[in-house]
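A short worksheet on the structure shown next.
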Amino acid sequence: MVSPFTGDRCSSLFGKPKLFFFQAMKAVRKEAPDTLDSLRSVADEKMYRIPAVADFCFLFSTPPGYFECGDENSHLVTTVCRVFD
């Protein structure tokens, strides 16, 4: 779901914050870091490794292993709307 927005697939979003709000259960998957040639140290020319999902913020409505109750309004969505309003 978020893979089109990773640094290795969308260079125009690299280094910019990306917010994702999930109204579903969380699944965990580990990503291998990507190498970026453009970020080099001037002093020693070492290459830095930055994860493909750097600058991502994930908000989940429930902790892992729990499910959302059948309420009509989500506490997560209500709170996010209140914060950004």
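Quick note: the coordinates plus some simple rules give every number you see, no bench work behind them. Nothing here was measured: the structure is a model prediction, and the numbers come from that model. All Cβ positions, even for glycine, are placed from backbone atoms using ideal geometry, and neighbour counts span all protein chains on display.
Identify the residues of segment 9-24 with backbone N under 16 Å of a label point that sits 7 angstrom from the Cα of Phe58 along the Cα-to-Cβ direction, or state none.
Counting only backbone N, you get 18-24.
Compute the length gained on full extension between Asp85 and Tyr48: take 0.36 nm times their separation in residues and subtract their Cα-Cα distance, giving the result in nm to one decimal.
9.6 nm
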